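Novice: Could you have a look at this structure, given as structure tokens, before my questions?
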Amino acid sequence: MSVTAKLSPSIAADRVAIRSWRTPIMFGVLAVFAVVVFVLLGPDGHATFRLSQDGDAWQVPNLVVPAKIFGIVVAVGALALAARSYQQMKNEGRISKWVTMTFAVLFVMGLLVWIIGGTNTQNITLVGLFTGAMLITTPLVFGSLSGVLCERSGVVNIAIEGQLLAGAFTASLVSSITHNAFAGLFAAAVAGMFVSFLLAVFSIKYVVNQIIVGVVLNVLISGLTGFLFEKIMKTKVDGVTIFNQPTQLPNLPIPVLSEIPVIGPTLFRQSIIGYFMLVLIVVIWFGLFRTRWGLRIRAVGEHPKAADTVGINVNRTRFLNVIAGGAVAGVGGAYFTLVAVSSFSKDMTGGLGFIALAALIFGRWNPIGAALAALLFGVAGNLQSILSLAGTPIDGQFLAMLPYALTILAVSGFVGKSRAPAADGEPYIKG
Amino acid sequence: MSQQIETAKTPSPPAKESEGTHLVREIMSGNAVISVLAVVVALVIGGILIAVTDPRVSAASGYFFADPMATLSAIWSSISEAYGALWRGATYDPTARTWQGQLGIFETLTFATPLIFSGLAVTLAFRAGLFNIGAQGQIILGATFAGAVGFGMHLPPVVHLLVVILAGALGGAIWGGIAGFLKAKTGAHEVIVTIMLNYIAISLVLYLLKNQLKDPNSSNPISPQMDANALFPLLLGPNFRVHAGLILAILAVIGVAWLLNRSTLGFEYRAIGANPKAARTAGMLVSRGYITVMLISGALAGLAGVAQIAGTEKSLDSEIAGSIGFDAITVALLGRSKPWGTFFAALLFGAFKAGGTSMAVNADVSIDIVAVVQSLIVLFIAAPPLIRSIFRIKESRREGVSA
């Protein structure tokens, strides 16, 4: 989002001249989809969203939404917004942010009501939905923040998956040996940095294609952790796998805040990694867009030659950023074995590193955008597992496809304009 | 080198395309010596890992200063047992109980068959400057299409197999074509699109295996068995798994070699890969090139899916592609993006797979070490200066620039 804001006037003028009809078309298609699916094929009855759990201090009544009527509201709203986006593109050459945002929120809500209303039970506990989603969202956020740090400085990071996996493995191993979860957390960051170090050495020093390095590192880490898992972690002493019994990080509920319905259990009953994630999103956003450090990084990622000319050491900046990204992803990996589940298993990250990449792109290389995309993907992923038995109108596998399909639409310009930093993936050779 | 600086100067959309140019030069340059040394260094590092994690070695190292030879011999026996088992499993193992088990070389050929197809798929796209990471998804789609006509229809012999092969190629071509089309028409980066298509393919096949393609007699998400007429004939009788897909794969190598080196279309691909702007100036339709090369590349990967379902697996499940799609990338890199290079690289990786199983059974070394060695090989090959500095080889001349 801020990418467009930072463009120079001449480029912005070019943008006005080139009218892209993809977004209005996309909105139109989705609006028609809403009319057909939410209204014509929509479920009768009500979709019930349970906001409180039984033991909560503040009991909030359930949110009951009449599915059909809500479907009509969403469809009419979507049609109106699609028309508005067409009008804006025609008159001004661009679509204002509120139209896009409103459309997205409205459509997601419509989809949710349609899905819940279509199940057998027609109700869902929002707390369960969001706390479950956080299990997916947290590593996704760390992974995509790692991507933000690397790619904003011009290094494509396909190795997020490997960094997460290295973090998960090392956290489990070190926490098991030392019986100290914080030692595990620290070691996970170091492991992530190690993967990043390889990425940086090969892609910056030896100028190997960054995508090749990333792909290969994922295979390397998967093989390495798998090999060491078989050799070390499966070793039993007195019938116990002593090297795969990590001491866990406890949940630290924040008083008062954790009692807020839905938001409290989701955001304020987390482990230290969860709070660190919230802080990190804000810090990286502020750092990138409001500080000198961030300006330099973006300069290196957008136009390394110019950055070099004003005295910024391009390759050193990239090197440091890639290493920092590795530490961030490593901590995200630690979440798997120190918080989410109680031990390491082979390839336990299961492709989340690639969804993190998707979140990064769908969030337009912006920390906050990436975090919101990670939340959306987390909710979609968790909804899939919650509803797998509930007889949904839509098969869970299609929900599983959602992050990937949205990302393809985003990179091909159908959902907003997702643009990578200009020098992303380009090696820089001083000369 | 000067060309890279040129690209750094203009970070506008056309500069993005030169990324592919750089990629092509990077992969094509270098020589056989570097490749061999890269394999050696990777095996050495793998050996170190095997030795370090071997309890016999750590036991002997406890009294290293008292008896250093004990440690060394423990290291030697640890590594030689593992790599010995790997080698015997991939070629000829005189100690195996059955004579079929002794001839691991045919398992190597069986494993190599889908790798040849998918390696060619990645190779072809590379040469046009495109990075096809989506072989995995294209294999799944190919296998799904091939499976759908393989167990869904009942046709006479030969005809049925031909239909299966065509369907598989079509499935892969559709999946590859999506990436090519989006690259050509919207500029969407093919790496991102193909990665995402891989995951969509997995979800899609899982959905189909729960519904349309499910075996009604099974409670698992697995398809019915392929029709007997739809299978590749076994080349060496029922004792070995090696099948006629291997012959098709060799034909594909010859075909791709001809396409790249002798045909007009191949010339266009190489021109686009070398410099898309120059190709456009010369009157070539770069966007059409992207679309067609991804269609052919996807079709080749689809044939790898056919080799899986009509050759070895015989029914469809969500694991049909295994790790072939990702191995294909390393195969193509090791083969330096040349058709015959890819062929031999696929044989080597097929040998790793066949030998890795024997190593896991006979030397208690997890097959994961194969993934480590494979990825190290590619890393070292991709960074010739690193290998040169390890072995203190002087760079005698500048290579590959003419390619």
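The values are calculated or read from the model by the stated rules, or taken from the named source; none is laboratory data. Please read these numbers as outputs of a predicted model, since none were measured by experiment. Don't worry about glycine lacking a Cβ; one is built from the backbone with ideal geometry, like all the others, and counts go over all protein chains shown. Accessible surface is based on the protein model in full, side chains and every heavy atom, while ligands, DNA and RNA are left aside. Shrake-Rupley method; radii C 1.70, N 1.55, O 1.52, S 1.80 Å.
Novice: Full extension from residue A:275 to residue A:63: what is 0.36 nm times the residue separation minus their Cα-Cα distance, to one decimal in nm?
Specialist: Length gained between residue A:275 and residue A:63: 73.5 nm.
Novice: Against the empirical 2.2 N^0.38 Å scaling, what ratio does the C-alpha Rg of chain A come to?
Specialist: Its radius of gyration relative to the 2.2 N^0.38 Å reference: 1.04.
Novice: Would you mind giving the total buried accessible surface between chains B and A, with a 1.4 Å probe and ligands, DNA and RNA left out, rounded to the nearest 100 Å²?
Specialist: Buried area (both sides, nearest 100 Å²): 4700 Å².
Novice: OK, next. So, with +1 on the Cβ of K and R and -1 on the Cβ of D and E, and no other charges, what is the size of the charge dipole of the range A:316-431 about its Cα centre, to the nearest 20 debye?
Specialist: Roughly 440 debye, rounded to the nearest 20.
Novice: Let me ask you something else. Let me make sure I get this right: for chain B, a, b and c are the square roots of the gyration tensor eigenvalues over alpha carbons, sorted descending. Under 1.5 in a/c it's rounded, otherwise prolate if a/b > b/c, else oblate. Which is it?
Specialist: Taking the square roots of the gyration eigenvalues as a ≥ b ≥ c, chain B is oblate.
Novice: Under 13 Å from the 7 Å Cα→Cβ point of residue A:305, by amide nitrogen: which residues of the range B:120-140?
Specialist: In the range B:120-140, the label zone of residue A:305 (backbone N under 13 Å from the point 7 Å along Cα→Cβ) covers no residue.
Novice: Top mean-square fluctuation among B:63, B:290, B:92, Gaussian network model of chain B, C-alpha springs under 10 Å?
Specialist: B:63
Novice: Would you work out the charge dipole size for the range A:129-407 about its Cα centre, treating the Cβ of every Lys and Arg as +1 and the Cβ of every Asp and Glu as -1, and quote it to the nearest 20 debye?
Specialist: 700 debye
Novice: A follow-up question, please. Using r as the Cβ-Cβ distance of residue A:347 and residue B:225, and R0 as 30 Å, what FRET efficiency do you calculate, to the nearest 0.05?
Specialist: FRET efficiency, residue A:347 to residue B:225: 0.55.
Novice: If each residue of separation counts as 0.36 nm, what is the full-extension length gain between residue A:105 and residue A:197 once their alpha-carbon separation is subtracted?
Specialist: Net length gain for the segment: 29.2 nm.
Novice: Read phi for every residue in the range B:342-347 and hand back ³J(HN,Hα) as whole Hz from Karplus 6.51 cos²θ - 1.76 cosθ + 1.60, θ = phi - 60°, with x for Gly and Pro.
Specialist: With coefficients 6.51, -1.76 and 1.60, one gets 4, 4, 5, 5, 5, 4 Hz.
Novice: How large is the accessible surface of residue A:101 in square angstrom, using a 1.4 angstrom probe and rounding to the nearest 10?
Specialist: 100 Å²
Novice: Measuring from a point 7 Å past the Cα of residue A:430 along Cα-to-C-beta, which residues in the range A:308-335 have an amide N at less than 15 Å?
Specialist: A:308-320
Novice: Quote the FRET efficiency, to the nearest 0.05, computed for residue B:264 versus residue B:389 with a Förster distance R0 of 41 Å and r equal to the Cβ-Cβ distance.
Specialist: 0.45
Novice: Next question, about the same structure. Considering only DSSP states other than H, G, I, E and B, which trypsin sites (Lys or Arg not before Pro) in the range A:235-301 qualify as loop sites with at most 12 other Cβ atoms within 10 Å?
Specialist: A:236
Novice: Separate question: Using a 1.4 Å probe on the protein chains only, how many percent of the accessible area of chain A belongs to carbon and sulfur?
Specialist: 69 percent
Novice: Over 20 Å intervals from 0, what percent of Cα-Cα pairs in the protein assembly as shown sits in each interval?
Specialist: 15, 48, 33, 5, 0
Novice: Right, here's the next one. Using a 1.4 angstrom probe, figure out how much accessible area the range A:129-407 has per residue, in square angstrom, rounded to the nearest whole.
Specialist: 34 Å²
Novice: Compute, for residue B:251, the solvent-accessible surface of its heavy atoms (probe 1.4 Å) with the complete set of protein chains present, and express it in square angstrom to the nearest 10.
Specialist: Here the accessible area works out near 100 Å².
Novice: Return the single residue from B:124, B:37, B:246 with maximal mean-square fluctuation; model: Gaussian network over chain B, springs between Cα atoms under 10 Å.
Specialist: B:37
Novice: Is the range B:201-257 rounded, prolate or oblate when judged by the Cα gyration tensor, a ≥ b ≥ c being the square roots of its eigenvalues, rounded requiring a/c under 1.5 and prolate requiring a/b larger than b/c?
Specialist: oblate
Novice: Can you tell me how the range A:277-431 classifies by the Cα gyration tensor, rounded, prolate or oblate, using a/c under 1.5 as the rounded cut?
Specialist: It comes out prolate by the Cα gyration axes.
Novice: Given the options A:275, A:206, A:86, which has the most mean-square fluctuation in a GNM of chain A, springs set between C-alpha atoms less than 10 angstrom apart?
Specialist: It is A:206.
Novice: So, one more: Grab the beta carbon distance between residue A:97 and residue B:236, set R0 = 45 Å, and tell me the FRET efficiency rounded to 0.05.
Specialist: 0.10
Novice: Under a plain spin-label model, where a point goes 7 Å from the Cα along Cα-to-Cβ, how far apart in nm are residue B:281 and residue B:48?
Specialist: For residue B:281 paired with residue B:48, the spin-label model returns 4.7 nm.
Novice: Just the number, please: carbon plus sulfur as a percent of the accessible area of chain B, 1.4 Å probe, no ligands or DNA/RNA counted.
Specialist: 67 percent
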